[in-house]
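Structure first, commentary second.
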Amino acid sequence: MKLLTHNVLSSKCLKGVSVGYPLRLNATDIKVVDVDYNSEFVQRMIPKINYSALYDAAQSIGHHNGLPDTVAEDYEHNEEFLKAVHHVLLEVDIVSGDLECPESGRKFPITRGIPNMLVNENEVNEINDSNGY
Amino acid sequence: MDANDSRARGVPRKVFSKQRKAVQYISADSKLALGAEPTKYIVICNSGLALGLTQEDVITLFAPYGAIEAVAMLPDKTYCFMAFNDESNARTAYESLHGIATVPHTKHLLVLAFAAELPKVTDPWATLPREGPPGLIVLEEFITVEEEDNLVKFLVWDSPDQGTQLKQRQVQHFGYEFRYGTNDVDEKCPLKQGIPEQCDFLHSRLNKRGFSQWNFFPEQLTVNRYLPGHGIPPHVDTHSVFDDPILILSLHSDIVMDFRDISGRKIPVFLPRRSLALMSGESRYGWTHGIASRMHDVVCTDGDKGLTLLPRGERISFTFRNLRRKKECFCSYPWLCDNQKQNTFRQQLTAIEVEKQFVRKVYEEISDHFSETRHTPWPNIVEFCKTFKTGQILIDIGCGNGKYFGKHAENVSLLEIGIDASAHLAEECSKRGFEVLNGDCLNLPFRSGIADGVLCIAVIHHLATHERRRRAIQEIARVLCKGGRALIYVWARNQQVHQEMSTYLKQNRKNRHAHGKASTALPSQNENECHEGALALPEYSDKTDSYDHRGDLPLPVHVNRTDFKHSDVLVPWKLKGRNKQANNDNQQQTYFRYYHVFEADELKRVCIEVPQIQVLETKYDQGNWSVLLRKLP
């Protein structure tokens, strides 16, 4: 799982959880891979992601080197910044560990790079039957 | 029609002024062109439903002049329409009746006119031809006249302890007593009188008529005796008490039985004397049936050329049923299901159980084989993938092995994330280098508004209630950004639109032979997204109905590569024993996957229930229904 994916995950579906974001990241195995740099991709992704969540996640696993704690001004033209973001978003792969709901503490294990986000029916809100038949 | 001719026949002058006024009023009211110029359509200007005129009256009035094609009775109107098969009959009827005969039950002279067409009415009897509700089969001449006599003879109706007088009919029970207060039977108290031996022929006769797969031995028999004018209110045989199918044998008189579905659609079904009606699947679970209390029935004339009235005689019906051992019912007609109505919470649990056992567990078991068969992407879906631009986010819900990843346009870089409920399939997808999660479409683990695009191919048909299907679409709507688009595919119940067989049906060996041309044009790798049986093609079955009666399964089993007979089915997946792994190479294991196959427009209707989205397009694509959605900006 890449940190970019982590950035869009939420445990909001859990009963009693209102935001469920960002999920706390605990990594026991991390793999750094090479991914082709595409400046346009990173530029377009920056407004979509939650930057502070990305920074915190990177920091929590010790991969925040070179990454400023806020988005650089005029980032579209800041190649150094874009490359640092590229690296953290796409090249840091979590192989195992877990994701933790910030509100309920429910843990979602990550195995062989795949987070298991499956929930039991008793953990989520019941499906609304109100409109009936 | 020349007024002078009519006057010559003694039609009073005032009838013509009445006709003129009426034509003016009715043309304006019904927005149909009317006049004295003969056509095959006649309007009765001065009587209709609002004045107590019935369809039967209209048929009685016009039947002597020729075959009646249709009668259109309009609610709350003082006029009505009918159609003959041809214009000359209409002309004769007009000449004989207009201003000469009286309106039935009155002394007023009948005022007629011709119409350019019939108004559109929803009355199913207004037009021909008709089809019965899905799953209903009527076997005519199921028994001989002698057998009919035998069956009637052993019944005794006048003894006080034989038969119960209900409000409108007499009834006798065999095997088990049907308790009218609770609409059930007491399984622990079988009656002394078992199923009469006169009914023993039933099993072999059914086999002979091609229904051996049912292996039907009735445990309960209800005999009803209806006199002309009698009826039975619309009802459904208690889902949790009786199994599928239910058999109705009609003796001594023909009858019309009315079937109704939730939309209020009524289909009258003609049950001729000595016929056996087999009610199964949707007709058994999803429709009520009843008999109107009246003296006559409106039926088709011989050769289906028109309508006529048939007087009822004394009718005796034998209803054969089996008790349902597991008291649960998993049908998708909860509004008629005692078991599901009892507790909606339980309904959800039942749905969850069905999905767990017949979807999730099965996909884990067959994932390797399944993944091998998932390789050819569908053109329309690839087309959708190509509409996204660099830096956009595309989520594939139910991504399987990720066959739609990397199908974006050249030089475009997307964030593609897959999610699948099967851990094995998610792993397949991950091995191919894609970002993937293990998760479920009803509880998407994403924050809201992040996706520019969502793919959801062949997923929602695995959800077992309408509510759950809607929730899945709600979740898609939630994760889409404003203006974001989603493409959803589900399996269609109808596999032949405009006579063109879907790929799924063409892959049936038998159909391939029959439609050689069509199949040679079909590339061998053309694989239907949703019919995954391609590698393990089961033998084609010649059964007239695809219902496989298996006591251990809660739903009917679909016969692969045939038309669907039910909306909620189990579809077999045959897994051949793998080399080396299995002791026997030919050993086959069959898994059953649950499917809700969609009616036309059904998917669209679910989408319309979800706020904030707009259906841009609905398509029928090779046996699937697809919708393209947009989240409102």
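The values are calculated or read from the model by the stated rules, or taken from the named source; none is laboratory data. Bear in mind that the values here come from a model prediction, so they are computed numbers and not experimental data. Neighbour counts run over all protein chains shown; Cβ positions are idealised from the backbone, glycine included.
Here are some notes:
- Residue ID - nearest to residue B:460 (Cα to Cα), chosen from residues in the range B:428-444 that are charged (D, E, K, R) and either within 32 Å of the chain's Cα centre (by Cα) or facing chain A (nearest Cβ under 7 Å) (or both): B:440
For every residue, the table says whether it meets (1) in contact with a Gly (Cβ under 9 Å, 6 or more places away or on another chain); (2) closer than 16 Å to residue B:457 by Cα; (3) at pLDDT below 80; (4) surrounded by fewer than 21 Cβ atoms within 10 Å (Cβ to Cβ).
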position: B:518; (1), (2), (3), (4): no, no, yes, yes
position: B:538; (1), (2), (3), (4): no, no, yes, yes
position: B:541; (1), (2), (3), (4): no, no, yes, yes
position: B:547; (1), (2), (3), (4): yes, no, yes, no
position: B:554; (1), (2), (3), (4): no, no, yes, yes
position: B:601; (1), (2), (3), (4): no, no, no, yes
position: B:626; (1), (2), (3), (4): no, yes, no, no
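So that you can scan it fast, the table gives a plain yes or no per residue for (1) basic (Lys, Arg); (2) surrounded by 24 or more Cβ atoms within 10 Å (Cβ to Cβ); (3) part of a loop (DSSP other than H, G, I, E, B); (4) at negative phi:
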| site | (1), (2), (3), (4) |
| --- | --- |
| B:396 | no, yes, no, yes |
| B:400 | no, yes, yes, no |
| B:405 | no, no, yes, yes |
| B:409 | no, no, yes, yes |
| B:417 | no, yes, no, yes |
| B:425 | no, yes, no, yes |
| B:433 | no, no, yes, no |
| B:437 | no, yes, no, yes |
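- Of all residues in the range B:79-96, those satisfying the criterion of being of a type outside the set (Phe, Trp, Tyr) and in contact with a strand residue (DSSP E or B) (Cβ under 6 Å, 6 or more places away or on another chain) are B:80, B:82, B:83, B:85, B:90.
For (1) of a type in the set (Gly, Ala, Ser); (2) without any contact (Cβ under 8 Å) to a residue 24 or more places away in the chain; (3) surrounded by fewer than 19 Cβ atoms within 10 Å (Cβ to Cβ), each residue gets a yes or a no:
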{"position": "A:42", "(1), (2), (3)": "no, no, no"}
{"position": "A:45", "(1), (2), (3)": "no, no, no"}
{"position": "A:52", "(1), (2), (3)": "yes, yes, yes"}
{"position": "A:78", "(1), (2), (3)": "no, yes, yes"}
{"position": "A:85", "(1), (2), (3)": "no, no, no"}
{"position": "A:94", "(1), (2), (3)": "no, no, no"}
{"position": "A:104", "(1), (2), (3)": "yes, no, yes"}
{"position": "A:115", "(1), (2), (3)": "no, no, no"}
{"position": "A:120", "(1), (2), (3)": "no, yes, yes"}
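- Among the conditions (1) assigned to a strand (DSSP E or B); (2) within 13 Å of another protein chain (Cβ to nearest Cβ); (3) under 34 Å from the mean Cα position of the chain (by Cα), the only one that residue B:490 does not satisfy is (2).
- Criterion violated by residue B:142 - all others in (1) at pLDDT 90 or above; (2) closer than 30 Å to residue B:318 by Cα; (3) out of contact with any helix residue (DSSP H, G or I) (no Cβ under 8 Å at 6 or more places or on another chain) satisfied: (3)
- Hey, residue A:18 of a type in the set (Ser, Thr, Tyr) and modelled with pLDDT under 95 or not: yes
- Test: residue B:569 is at pLDDT 50 or above and crowded, with 22+ Cβ neighbours inside 10 Å: yes
- Taking the range A:1-77 and the helices (runs of 4 or more DSSP H) fully enclosed by it, no element has 2 or more residues that are acidic (Asp, Glu) and more than 10 Å from every other protein chain (Cβ to nearest Cβ).
- Residue B:466 vs. criteria surrounded by fewer than 20 Cβ atoms within 10 Å (Cβ to Cβ), modelled with pLDDT under 95 and within 9 Å of another protein chain (Cβ to nearest Cβ): yes
- In the set (1) assigned to a loop (DSSP other than H, G, I, E, B); (2) closer than 23 Å to residue B:230 by Cα, the condition left unmet by residue B:190 is number (2).
- Of all residues in the range B:373-394 being touching a Lys or Arg at 6+ places or on another chain (Cβ under 7 Å), assigned to a loop (DSSP other than H, G, I, E, B) and in contact (Cβ under 8 Å) with a residue 40 or more places away in the chain, the one that is nearest to the other protein chains (Cβ to nearest Cβ): B:374
Quick grid of which residues meet (1) in contact with a Phe, Trp or Tyr (Cβ under 8 Å, 6 or more places away or on another chain); (2) buried (at least 20 other Cβ atoms within 10 Å of the Cβ); (3) among the charged types (D, E, K, R); (4) at pLDDT 90 or above:
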| site | (1), (2), (3), (4) |
| --- | --- |
| B:21 | no, no, yes, yes |
| B:50 | no, no, no, no |
| B:62 | yes, yes, no, yes |
| B:74 | yes, no, no, no |
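- The residues of the range B:399-427 that are of a type in the set (Ser, Thr, Tyr) and within 12 Å of chain A (Cβ to nearest Cβ), listed by number, are B:413, B:422.
- Entry remark, the range B:385-437: residues being hydrophobic (A, V, I, L, M, F, W, C), more than 19 Å from residue A:112 (Cβ to Cβ) and out of contact with any His (no Cβ under 6 Å at 6 or more places or on another chain) number 7 in total.
- Taken together, the residues in the range B:445-462 that are within 10 Å of chain A (Cβ to nearest Cβ) and part of a loop (DSSP other than H, G, I, E, B) amount to 5.
For every residue, the table says whether it meets (1) in a helix (DSSP H, G or I); (2) over 26 Å from the mean Cα position of the chain (by Cα).
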site: B:205; (1), (2): yes, yes
site: B:216; (1), (2): no, no
site: B:223; (1), (2): no, yes
site: B:238; (1), (2): no, no
site: B:244; (1), (2): no, no
site: B:247; (1), (2): no, no
site: B:258; (1), (2): no, no
site: B:267; (1), (2): no, no
site: B:284; (1), (2): yes, no
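- Of the helices (runs of 4 or more DSSP H) contained entirely in the range B:1-115, those carrying at least 3 residues that are of a type in the set (Gly, Ala, Ser) and touching a residue at least 12 places away in the same chain (Cβ under 8 Å) fall at B:87-97.
- Tallying residues that are hydroxyl-bearing (Ser, Thr, Tyr) and modelled with pLDDT of 95 or more within the range A:61-103 yields 1.
- Residue that is modelled with the highest pLDDT, among those in the range B:298-344 that are within 30 Å of residue B:72 (Cα to Cα) and assigned to a helix (DSSP H, G or I): B:302
- Subset of the range B:365-400 [touching a helix residue (DSSP H, G or I) at 6+ places or on another chain (Cβ under 6 Å), of a type outside the set (A, V, I, L, M, F, W, C) and closer than 22 Å to residue B:473 by Cα]: B:400
- Positions within the range B:93-121 being hydroxyl-bearing (Ser, Thr, Tyr) and surrounded by 15 or more Cβ atoms within 10 Å (Cβ to Cβ), in sequence order: B:94
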